[in-house]
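Quick notes on the structure that follows.
What follows draws every value from the coordinates through simple rules; no lab data is involved. Just so you know, these numbers come straight off a predicted model, no measurement behind them.
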Amino acid sequence: MFKNHREWEISNRLDKKRRKAIGKVRQAVLSGKIIKPEKCSQCNDNKGRIEGHHPDYKKPLAIIWLCRFCHRKMHVEINRTKKQLTLAITELTKNS
């Protein structure tokens, strides 16, 4: 799964930040500090479950509310961009 211990450490650290951010949003919604919308901010659909997306775990209450489909679509795009950047950096370092 992980290539080395360093990858595991990074993943584990991100997972802790993710869980902490989710917990803060949950508390904010339960206390009424944040009102969870009934519609997706991308497609404006209100038929499915609305989920919070965290662009930055350092800002846990800055969330984008998305339906399940748009949330998955966003993560696919994020992962595609990360892979493209990694490939570009690899090519640049090879040619240096």
The answer for Ile34, listing residues at least 5 apart or on another chain whose modeled amide H is closer than 5 Å to its amide H, is Val29
Per residue convex hull volume, Cα only, the range 5-94, in Å³ is 111
Restricted to pairs 8 or more residues apart or on different chains, the lysines in the range 20-86 with C-alpha atoms under 14 Å apart form a number of pairs equal to 7
